[in-house]
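Contents: one structure, followed by commentary.
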Amino acid sequence: MDRKIRVTIWDEFRHEKTNEKAKALYPDGMHACIGKYLEQFPEIEVRLAALDDPDQGLPDEVLQNTDVLIWWGHMAHGEVNDALVTKIQRRVYMGKMGFIALHSAHHSKPFRAIVGTMGNLTWGREQKEIMWNLLPTHPIAEGIPQSFYIPEEELYAEPFFIPQPSELIFGGWYEDGYIFRSGMTFIRDAGRIFYFQPGHETCPSYHNPHVLRIIKNAVLWTAPSAPGYEYRDHCPHVVDNLAERIAAGKAKGNMVDPVFAEIGYGK
Ligand code: ZN
């Protein structure tokens, strides 16, 4: 694909307005901090979206022009519109958009809807973490050393109630002795998903070069234009001609999922 990867970084953007430490670390929001890093790469185009924006930051026009959606939410998961969640889930399942869930997005509606479990975990005080690179041959681990040190992160600990990941790429070890599956992929229908643990709002993790590099690698890997994207490469007609296929089916009286129409299939 010759055009840029269109990345929308969605942030709840509430902590950064109310919590002094979060505000000091991320005065324009965590999404702006990540966006500033990503937009330096010529192959990436960044858009920022927040919960309190019109249409919760994701009107259809934005969603239909997003190749990768990055999601950070925490205190207001419940406020996210269920209809929007369904649109996100369908777009990911159709292979039209990759999804990256950051930190407390493990409990977000879109992450739960996409992977299919509650995403519960154990958490605790902020402390030192060592991030281990468990799968250095994976594209998401490109440029990442065997391990790196995160001076301060909120403890996330196992058991983490997720489906068995497709690939477990990073593992976190914490000062208090706990471990966590910190970075992993899922494949759902034609969609690629990456979950990544760092990013508590009062910790500087989105200023850490390794954390940022992993997010960038994940953008390239989850984007439908990624090399080796197995579904699109092997049966591109299934996704690309979906509008025609659905229209033809409808004409014959076939049942059609109404959400396909709402999310602008075929665009
Ligand atoms: Zn947190």
Simple spin-label estimate for K250/N120, 7 Å along Cα→Cβ, in nm, reads 4.2
Neighbour-count ranking for I215, I44, I100 (other C-beta within 10 angstrom, fewest to most) reads I44, I215, I100
Mind sorting T117, T86 by how few other Cβ atoms lie within 10 Å of their own Cβ, fewest first?
T117, T86
Which value, in debye to the nearest 20, describes the size of the charge dipole of the chain about its Cα centre when Lys and Arg Cβ atoms bear +1, Asp and Glu Cβ atoms bear -1, and nothing else is charged?
640
Got a sec? Charge dipole of the chain, +1 on Cβ for Lys and Arg, -1 for Asp and Glu; which of A226, Q127, P151 is way out at the positive end?
A226
All-pairs Cα distance distribution in region 5-222, expressed in whole percent, bin size 5 Å:
1, 7, 16, 21, 22, 19, 10, 3, 0, 0
By how many nm would the segment from A157 to K36 grow when fully extended, if each residue of separation counts as 0.36 nm and the alpha-carbon distance is taken off?
40.6 nm
Distance in nm between pseudo-label sites at S147 and R47 (7 Å out along the Cβ direction from Cα)
4.1
Among H31, Y174, I187 the positive-end extreme of the charge dipole of the chain (Cβ point charges):
I187
Report the full-extension gain for the segment W173 to K128: residue separation times 0.36 nm, less the Cα-Cα distance, to one decimal in nm.
15.3 nm
Below 17 Å Cα-Cα, how many Lys pairs turn up in the chain? Only count pairs eight or more apart in sequence, or on different chains, if you could.
10
Relative contact order of the chain (C-alpha contacts under 8 Å, at least 6 apart) in percent is 19
Calculate the all-directions average of the projected area of region 66-118's alpha-carbon convex hull, and give it in nm².
3.3
Calculate, in nm to one decimal, what K21 and D55 gain on full extension: separation in residues at 0.36 nm each, minus their alpha carbon distance.
9.4 nm
Among beta bridges assigned by DSSP with both residues in the chain, the antiparallel ones amount in percent, to the nearest 5, to 55
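Any read-out appearing in this document is the output of simple, stated calculations on the displayed coordinates, not a laboratory observation. Every value quoted in this text rests on a predicted model; they were computed, and no experiment measured them. As a convention, Cβ positions derive from the backbone with ideal geometry for all residues, glycine included, and neighbour counts pool all protein chains shown.
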